[in-house]
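Undergrad: The structure's right below; bear with me while I get my questions together.
What follows draws every value from the coordinates through simple rules; no lab data is involved. The structure presented is a predicted model; accordingly, all values stated were derived computationally and were not measured. Positions of Cβ are backbone-derived with ideal geometry, glycine not excepted, and every protein chain shown enters the neighbour counts.
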Amino acid sequence: MKRSLTLLTSVCMVFLLLLSVSGCASDKNKNAANTTDSSKKLKIGIVQIVEHPSLNTIRESLVQELAKEGFKDGEKISIDYQNAQGDQTNLKTICQKFANNNYDLIVAIATPSAQAAVGETKDIPIVFSACTDPLGSGLVSNLEKPGKNVTGTSDAVSAEKIMELAKRITPNIKTIGALYTSSETNSVSVVNNLKEYAQKNGLTVKEATVTNSSEVQQAASSLVGKVDVIFSPIDNTVASAMPVVAQVANRAKTPVYVGADSMVKDGGLATYGIDYTVLGQETAKMVAEILNGKKAGDIPVMTMSKMSIYVNKDTATAIGIKIPEDVLKEAKGL
């Protein structure tokens, strides 16, 4: 009996020892898993509706600023950049991929990109950039307290201020041609602002809308000869075909006032707008805040307040317009 008890005790001790070793191994594996998880690169998806200088500038300055904030691509983060080439189907597919693969954060450049991203996930943080009217576009319901998983930066400009600049350069404006994409809510918002300004000031607005970049040349041609100036907001489709617009307008000696500095660089006469490098930097700072633990919905949407005058002197020469000295003194070089 004593021998049986001793044997039983020995078996129990061996069993407990094995359990202890197993537990230690389990804890060790768990810690190893945690270490592996913490060393994994965070996956950042960047989606851009189309290639054009303003949006490219945002993306490039964003990536540079993220590196300064301690999130360099290939080290702490892995950036997957996708361009939809102006195609809504591509846009949806890209955002679905980001959502289905559980990316850690999505950066959506331009309003259509942001709308597509918001439509695919309510959990992954989304930071938009260059969204002119975040409220009207349905991206957020409150600029100060966006809530949910969305925040970002707005590139809202004032059609009124751009037209006031236009009057300083070309005073005898009676009819304005509005060239924009009818499906871009950001463009519609700014053109509505233009119409309000025109009504208050006894001016007429003639509209030429497009649905894709292949229609831009024809739409621009339909306005020249019928309007004193052409106005195009920060419209992604028009911006991507801005050299074509400039060519059509220059032949007809028609000034083109635009919503973005890059559109001036690509042949527009002038604008009163924001610096897209700064916009990209501010967007990156928001991304860094979220990667460091802050909730997207707790970060207020930023609307850029600092504006500058941009003028294309070559375009002015081509259409025979002398830019007033006081405007040149205020203008920022491109």
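Undergrad: Of the options GLY225, VAL50, ALA67, report the single residue whose Cα projects farthest towards the positive end of the charge dipole of the chain (beta-carbon charges: Lys, Arg +1; Asp, Glu -1).
TA: Toward the positive end, the furthest listed residue is ALA67.
Undergrad: Hey, got the dipole for the chain? About the Cα centre, +1 on K and R Cβ, -1 on D and E Cβ, debye to the nearest 20? Intermediate values should be presented prior to the final figure.
TA: Values: 35 positive and 34 negative charges, 147 e Å.
The dipole magnitude comes to about 700 debye.
Undergrad: With a cap of 10 neighbouring Cβ atoms within 10 Å, and only residues DSSP puts in a loop, list the GluC sites (Glu not before Pro) found in region 44-95.
TA: Hits after loop and neighbour filter: GLU75.
Undergrad: Around VAL107, which amide H atoms from residues at least 5 apart in sequence, or from another chain, sit under 5 Å from its own amide H, with H modelled in the peptide plane?
TA: For VAL107, whose amide H was placed from the backbone, the distant partners under 5 Å are GLY45, ILE46, VAL47, VAL127.
Undergrad: Do any GluC sites (Glu not before Pro) in region 119-189 lie in a loop, going by DSSP, with at most 14 other beta-carbon atoms within 10 Å of their beta carbon, and if so which?
TA: Counting only loop positions with at most 14 other Cβ atoms within 10 Å, the GluC sites (Glu not before Pro) in region 119-189 are GLU144.
Undergrad: For GLU60 paired with LYS161, estimate the spin-label separation in nm (one decimal), with each label point 7 Å from Cα along the Cα-to-Cβ line.
TA: 2.5 nm
Undergrad: Efficiency by 1/(1 + (r/R0)^6): what FRET value for LYS97 and LYS265, r their Cβ-Cβ distance, R0 = 41 Å, to the nearest 0.05?
TA: Values: r = 33 Å, r/R0 = 0.79.
FRET efficiency, LYS97 to LYS265: 0.80.
Undergrad: Among ASP87, ASP275, ASP266, ASP235, what is the fewest-to-most ranking by other Cβ atoms within 10 Å? Spell out each step's value before the answer.
TA: Values: ASP87 14, ASP275 17, ASP266 23, ASP235 29.
Arranged by neighbour count, lowest to highest, ASP87, ASP275, ASP266, ASP235 become ASP87, ASP275, ASP266, ASP235.
Undergrad: Here's another thing I want to ask about it. Through the Karplus equation 6.51 cos²θ - 1.76 cosθ + 1.60, θ set to phi - 60°, convert the phi angles of region 248-259 into ³J(HN,Hα) values in whole Hz; use x for Gly and Pro.
TA: These are the phi-based 3J(HN,Hα) values: 5, 5, 5, 4, 8, 6, 9, x, 10, 9, 10, x Hz.
Undergrad: Report, for the chain, the % of DSSP beta bridges that are antiparallel, rounded to 5.
TA: Rounded to the nearest five, the antiparallel share is 10 percent.
Undergrad: Name the trypsin sites (Lys or Arg not before Pro) in region 94-170 that are in a loop by DSSP and that have at most 13 other C-beta atoms within 10 Å, would you?
TA: On the way: sites: LYS97, LYS122, LYS148, LYS161, LYS167, ARG168; in loops: LYS122, LYS148.
Answer in residue order: LYS122.
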